[in-house]
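These notes are about the structure you will find just below.
Computed from the coordinates by the stated procedures, all read-outs in this text should not be read as laboratory data. Model, not experiment: these values are computed from the prediction. Counting neighbours? That spans all protein chains shown, and the Cβs are built from the backbone with ideal geometry, glycine included.
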Amino acid sequence: MKVTIQGQGDVTLTQREFVAAGGEGEVYAKGTTAFKVYTDPSRALSVGKITELASIRDPNVIKPERMLLDPKKGTPVGYTMRYVQDTMALCGIFTRAFREREGLDHPKMLHLVLALQGLIEHVHQAGVLIVDLNELNFLVDRGLSTVYAIDVDSYQTRSYPATAIMPSVRDWSVKNQDWTEVSDWFSFACVAFQMFTGIHPFRGKHPTVCGLEDRMQAGISVFDPSVSIPKVVYPQDVIPTGYRSWLKAVLQGGQRLPPPSDPLQVTPIIIPLRVVLGGAALEIIEVSAFTAAILGYVDFGGHTITATEDGVYLGPRRVRDRTAVRAVGFTPKMNRGILAWIEKGTLRLFDTTSKSDIPCVLHADDVMGHGGRIYVRNGEQILEMVLSDVGERVIATTRVAVNVVEHATRMHDGVVVQNLLGSTFVSVFPQAEMSYQIRVKELVGLKVIDARYDGRVLMAIVATASGTYDRLTFVFSADHASYTLRAPVRDVTPAGLNFIVLDNGIIVHLNEDEDLEVSAITSDKVRLLKDPALGNDMRLVRHGGRVAFVRGNKVFSMRMR
């Protein structure tokens, strides 16, 4: 595709530069410049609005910069903007599972909340309103320190009113679309509360009023004592007192105020652990305990590797101080546990048996572990690490698993998702030296917020156009040539995908309602287990081929009575 950058000349955009496709058009990137090309040129942004948006000076607000024109007709077809790499949607950092895995503690989250607040203040100072201030319109860098505003073309300027807003952040007291700065701050309150606690302030369960919009219009937030919330959610005490009183006034008290300039210092909260023994449905037995909270647990070939807040353990033996472990693999011959993480753009590997680093100079954009193997995203390739036992040493080499489009690819838990010119493909790796790249038509046009693949089962949390989230479950055939989509679960609260598939094909899933779903990979029939011991603060894992879970600093095995 050839387009003309107004005042600069022609540029050709190919599949290599493709980043993503959405409802309005496609985005491409070359170097530090991104190009948005509208599917319907009649909806292209006008020069007048680009001029009015130019009053926004904050570089982290990714606003339109130059018009893109049809080379033959000279008519607008899109615009250019700054391109930022290695980012993720703001909603991707909400879940407790992500925060614990990535070390995103409460002070760091406060920093991001303040950064978001600063962006909004700058936009308002420029005489512009955001209006659709939802979590999908902001990005966070991979270092979890910077917030970027995107979809700025939808902002309301002096001459160009905004026309759309997600219901999940709408200030329902506003009539006739008379948006103001304080209606923006109401939307910010909804997003900030999710950042602090992991749940939308009008989610949870109320005994009489159901549904997000009904709760928002009735002003019944999680501050109401009659609302129950999942156990996985952080307590309100993690919110600094200045913010907490403001959030309560806005979300529960109906006031419309800008946020405080002094949120006060966050005090780390230690969440007490409950003693879990199980009820009528489940028998739960403690397997092991550590001195600090468990961040990750892998059981493979009879060996366990546990990453905690104070170190990494091979079985009960401490092998390394705390480090940002992102993936765990094992050598095929001696079953030596290998830790993997990224440091300054380079893959780092550590042998837990010899307690030594493994020489590696591989550039890495991302890394994941799956099935006892380590996979690295390196530009336009997904590489499988080949870990070979050579005497007392481990040698690391690579093989290409799949090729991908660099800017439109995201690694999740056991699966790689890429948006390829309007089609969504997933890449899965069920065995060593084996990969499948599958087009999943049901994901086309949806933003995949979270995904997990295990034992032929793919679950994905997707954001809908209405501002809600759906959970989709796909079951692949043994040769991955086909798949079935099980009944979608609509309007869920993202709490992290929490399921495992056992070797016998049994799927065990802890759902958003804190109930255990047990089903077979060959059948849609689901057995639902309710037990007072269950809660979204438990992360399902395997232990000795059986179902287990991690809670706090302990590992428990679990079986049905």
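Arranged from highest to lowest average of other beta-carbon atoms within 10 Å per residue, in what order do the peptides 203-216, 238-251 appear?
238-251, 203-216
Could you tell me whether the stretch 484-561 comes out rounded, prolate or oblate from its Cα gyration tensor? Rule is a ≥ b ≥ c as square roots of the eigenvalues, rounded for a/c under 1.5, then prolate if a/b exceeds b/c, otherwise oblate.
oblate
Cα-Cα pairs above 25 Å in the stretch 348-503: how many percent?
34
So what's the Cα pair-distance distribution over the chain, bin width 10 Å, in %?
Bins of 10 Å from zero give 3, 17, 27, 27, 18, 7, 1, 0 percent of pairs.
Can you tell me the relative contact order of the stretch 282-560? Whole percent, Cα pairs under 8 Å, sequence separation 6 or more.
14
Could you pull out the pairs from LYS344/LYS554; LYS333/LYS355; LYS30/LYS447; LYS108/LYS205; LYS36/LYS72; LYS30/LYS344 whose alpha carbons sit more than 27 Å apart here?
LYS344/LYS554; LYS108/LYS205
Amide H to amide H, which residues 5 or more places from LYS447 or on other chains are under 5 Å from it, using H placed in the peptide plane?
Distant-sequence amide H within range of LYS447: ALA463.
Tell me, PHE474, PHE98 in order of fewest to most beta-carbon neighbours within 10 Å?
PHE98, PHE474
How would HIS480, HIS370 line up from fewest to most surrounding beta-carbon atoms within 10 angstrom?
HIS480, HIS370
Using only Cα atoms, tell me the angle between helix 181-197 and the longest principal axis of the chain; keep it within 0 to 90° and round to the nearest 10.
The two axes meet at around 10 degrees.
With each run of n ≥ 4 DSSP H residues scored as -39500 (n - 2.57), what mean residue ellipticity at 222 nm is computed for the chain after dividing by its residue count and rounding to the nearest 500 deg cm²/dmol?
-3500 deg cm²/dmol
Find how much the distance from LEU502 to GLN431 grows on full extension, using 0.36 nm per residue of separation minus their present alpha carbon separation; answer in nm with one decimal.
24.0 nm
How tilted is helix 106-125 with respect to the longest principal axis of the chain? Cα atoms for both, answer in degrees (0 to 90, nearest 10).
10
As a footprinting exposure proxy, order PHE202, PHE499, PHE556 by other Cβ within 10 Å, with the fewest listed first.
PHE499, PHE556, PHE202
Pop the C-beta distance of GLN381 and ALA520 into the FRET formula with R0 = 25 Å and round what comes out to the nearest 0.05.
For R0 = 25 Å, the calculated efficiency reads 0.10.
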